[in-house]
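Novice: Submitted below is the structure of interest, expressed as structure tokens.
Coordinate-derived values only; no laboratory data. Just so it is clear, the structure is predicted and the values come from calculations on it, not from any experiment. Glycine gets a Cβ as well: all are built from the backbone with ideal geometry, and neighbour counts include every protein chain shown.
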Amino acid sequence: MVGSGGYNTAMGVPPREIVVSVRDLVMRFEAADGTRVPVLNGITFDVFRGETLVVMGGSGCGKSTLLNCLIGELAPDEGQIIYRLPGLGEVDLVRADEATGNAIRRRLGILFQSGALFSSLTLAENVALPLREHSHVDEDIIDIVVTMKLQQVRMLEHRDKYPSQLSGGQKKRAGLARATALDPEILFYDEPTAGLDPVTASAIDGLIMDLSRKLQVTSVVVTHEMDSAFRIADRMIMLQSGRILRSGSRREFEVLRDTPPTQLTTESDWTVQQFLTGSPSGPLTNAEGTSEYERLLVGARPIS
């Protein structure tokens with residue numbers, strides 16, 4: 001018998017604790033011709049405490065929209081995003097009032113693709129900002145926390161620099177220090193290694209894994225960088241055309257990636273393997289080229 005968390009309860013292993021449940025999520029954007037395109041079309045999955053879940057897929061698959069729904073930046077048209085956090089209980093972010101939604105967001109850390117640092121603030125001031133905005137601790141305590149957070153990402157020596165004085169990798173590290181300033185229970189990463197050289201990307205991946213172990217946080221990583229995904233993931237989800245095409249453990253995806261193409265039995269397996277390997281031939285690059293779904297998404301925008 002397998003428990004709800006994916007463990008075999010008959011063998012006496014308890015199920016994992018679910019911290020986020022996404023159920024039947026639908027998000028529609030308005031295309032140029034006025035039609036309503038479902039960018040997310042019935043997404044359902046769970047996030048378990050302490051794991052690193054990687055959400056991947058090609059451009060336009062819906063992964064960035066999903067991330068924005070998870071952090072409350074976009075309100076989906078249908079479905080639930082249920083958070084289970086100590087002190088808050090079980091709360092559906094989609095239907096939560098403003099105060100409750102803000103309380104949930106204060107328990108989340110977010111590393112945006114660009115780092116999203118304020119250019120007019122030093123690195124130390126950027127990291128201190130969430131503490132000044134959302135806590136009531138004294139400035140001397142804030143300074144101690146900032147020092148600790150910068151030390152964790154190996155950026156302490158740069159504390160008095162401005163973002164314009166930092167490299168791309170340093171900006172990512174700085175953004176991560178700020179994302180962890182309030183000791184979040186869940187960290188969300190938006191393309192954390194995008195635009196970085198392989199060595200710097202590997203270092204950022206190592207930092208993500210190191211912080212996950214030290215801080216015992218749950219991580220959700222949106223990426224299309226496969227080297228990074230296979231380094232950091234415990235579980236993986238692949239999106240295509242607004243739906244979950246495949247979900248499973250990193251090992252399951254590794255096996256599928258390494259299976260000889262002649263042994264694949266379904267088109268979905270072939271599609272996933274093509275994405276994982278970057279093969280130029282397969283369902284993702286068929287003779288028809290861009291799908292009708294992808295054409296509709298060009299120029300689409302959230303419906304107000």
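Novice: By count of other Cβ within 10 Å, fewest leading, how are ARG251, ARG28, ARG173 ordered?
Specialist: ARG251, ARG28, ARG173
Novice: If the cut-off is a Cα-Cα distance under 28 Å, which lysines reach LYS161, setting aside same-chain residues fewer than 8 apart in sequence?
Specialist: Leaving aside lysines fewer than 8 places away in the same chain, those within reach of LYS161 are LYS149, LYS171, LYS172, LYS214.
Novice: Another question about this same structure. Once a ≥ b ≥ c are taken as the square roots of the eigenvalues of the Cα gyration tensor of region 20-91, is the result rounded (a/c under 1.5), prolate (a/b larger than b/c) or oblate (a/b not larger than b/c)?
Specialist: It comes out prolate by the Cα gyration axes.
Novice: So, one more: Could you order the peptides 88-98, 201-211 from most to least packed, using the average number of other C-beta atoms within 10 Å per residue?
Specialist: Highest mean packing first, the order is 201-211, 88-98.
Novice: What list of ³J(HN,Hα) couplings, whole Hz, do you get for region 186-195 from phi and the Karplus terms 6.51, -1.76, 1.60, once you set θ to phi - 60° and write x for glycine and proline?
Specialist: Result, ordered by residue: 9, 10, 10, 10, 9, 6, x, 10, 4, x Hz.
Novice: Subtracting the Cα-Cα distance from 0.36 nm times the residue separation, let me have the gained length for GLU73 to LEU284 in nm, one decimal.
Specialist: Length gained, GLU73 through LEU284: 73.0 nm.
Novice: May I pose another question? Sorting VAL55, VAL37 on the 10 Å Cβ count, fewest up front, what's the list?
Specialist: Sorted ascending by nearby Cβ count, the order is VAL37, VAL55.
Novice: Helix-only mean residue ellipticity at 222 nm, the chain, DSSP H runs n ≥ 4 weighted -39,500 (n - 2.57), per residue, nearest 500. What is it?
Specialist: -10500 deg cm²/dmol
Novice: Quick one: divide the alpha-carbon radius of gyration of the chain by 2.2 N^0.38 Å and tell me what you get.
Specialist: This ratio for the chain stands at 1.04.
Novice: Moving to a separate point now. What's the extension gain from SER164 to VAL199 if we count 0.36 nm per residue and subtract their Cα-Cα distance?
Specialist: Gain on extension, SER164 to VAL199, equals 10.5 nm.
Novice: Mind telling me which of ASN102, ASN126, ASN41 comes out most flexible in a GNM of the chain, alpha-carbon contacts under 10 Å?
Specialist: Evaluated over the chain, the most mobile residue of the options is ASN102.
Novice: For region 120-274, what is the convex hull (Cα atoms) projected area averaged across all directions, in square nanometres?
Specialist: Hull-based average projected area comes out at 10.9 nm².
Novice: Another question about this same structure. With the chain treated as a Gaussian network of Cα nodes joined by springs under 10 Å, which of GLY101, GLY87, GLY34 yields the largest mean-square fluctuation?
Specialist: Residue with maximal mean-square fluctuation among GLY101, GLY87, GLY34: GLY87.
Novice: To the nearest 10 degrees, how steep is helix 198-215 against the longest Cα principal axis of the chain, on a 0 to 90 scale?
Specialist: The helix 198-215 is inclined about 70 degrees to the chain.
Novice: Evaluate the relative contact order of the chain (contact order divided by residue number), counting alpha-carbon pairs under 8 angstrom at least 6 apart; express in whole percent.
Specialist: Once normalised by length, the contact order is 23 percent.
Novice: Starting with the fewest neighbours, write out ARG257, ARG107, ARG246 ranked by other beta-carbon atoms found within 10 Å of each beta-carbon.
Specialist: By the 10 Å Cβ count, ascending, the order reads ARG257, ARG107, ARG246.
Novice: In whole Å, what are the extents of region 174-222 along the principal axes defined by its C-alpha atoms, from largest to smallest?
Specialist: 29, 18, 17
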